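One structure is given here, and the rest of the page talks about it.
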Amino acid sequence: MCDFCAFYRKAGDEDAYVLPREELYKKIEETIEVGGDQILLQGGNHPRLKLVWYEELFCDLRAKYPQVNLHALSASEIWHIHKISKLPLVDALKRLKAAGMGSLPGGGAEILDDRTRSKISKLKGSWRDWMNVMQTAHTLGMNTTATMVIGFGESMEERALHLLRVRDAQDECL
């Protein structure tokens, strides 16, 4: 759960949904029409969608739009997929990459400190889980980004720690 996410839904909520592929196609085509070459795909930690569902989606999108980078799945989503699919993290990421995932967005980082994370995004895992996904992606040659959300009672020290943890991970990639 994320206290500030407008998209979070519980299993069985009346307004929970999975976007139909035809609607995804339309959004990607609109992006291409205005000169875009990358699409951000995130959807949350779905309780039933396993790795094979994402592989099929990415293969489909890659075949249909080979010129578009799939900047897809937050670290939280990948961590969740690897857990429900009962696969090692590196194997799940290898399969997603092989299916067409090009890079990973940094959403879900919030503040890379467990005190604040436990208050605002309990279900997104620890800061170490988030970082493990990103560092594993780096070992596979994938690019990632990192976000930072402030204003939820985190300390200045926690903000600085967040930046240092991102910087340390970047240094490891060099």
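The values are calculated or read from the model by the stated rules, or taken from the named source; none is laboratory data. This one's a predicted model, so the numbers in the text were calculated from it and none came from an experiment. In this analysis, Cβ positions are derived from the backbone assuming ideal geometry, glycine residues included, and neighbour counts consider all displayed protein chains. Surface accessibility is based on the protein's heavy atoms, side chains included, excluding ligands, DNA and RNA. Shrake-Rupley method; radii C 1.70, N 1.55, O 1.52, S 1.80 Å.
Summary table
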{"item": "The stretch 1-42: number of residues that are modelled with pLDDT of 95 or more, among the β-branched types (Val, Ile, Thr) and touching a Leu at 6+ places or on another chain (Cβ under 9 Å)", "result": "2"}
{"item": "Count of residues meeting criterion [of a type outside the set (Asp, Glu), in contact with a helix residue (DSSP H, G or I) (Cβ under 7 Å, 6 or more places away or on another chain), at pLDDT 90 or above and assigned to a helix (DSSP H, G or I)] in the stretch 119-152", "result": "10"}
{"item": "Test set (1) under 20 Å from Lys64 (Cα atoms); (2) over 22 Å from the mean Cα position of the chain (by Cα); (3) not in a helix (DSSP H, G or I) - Glu30 fails condition number", "result": "(3)"}
{"item": "Residues of the stretch 59-99 classified as farther than 22 Å from Ala146 by Cβ, touching a strand residue (DSSP E or B) at 6+ places or on another chain (Cβ under 8 Å) and either assigned to a helix (DSSP H, G or I) or open to solvent by 40 Å² or more (accessible area, probe 1.4 Å) (or both), total", "result": "2"}
{"item": "Positions within the stretch 77-109 being at positive phi and under 12 Å from the mean Cα position of the chain (by Cα), in sequence order", "result": "Gly108"}
{"item": "Residues satisfying the stated conditions in the stretch 111-129, i.e. surrounded by 19 or more Cβ atoms within 10 Å (Cβ to Cβ), more than 10 Å from Ser76 (Cα to Cα) and touching a residue at least 60 places away in the same chain (Cβ under 8 Å)", "result": "Ile120, Ser121"}
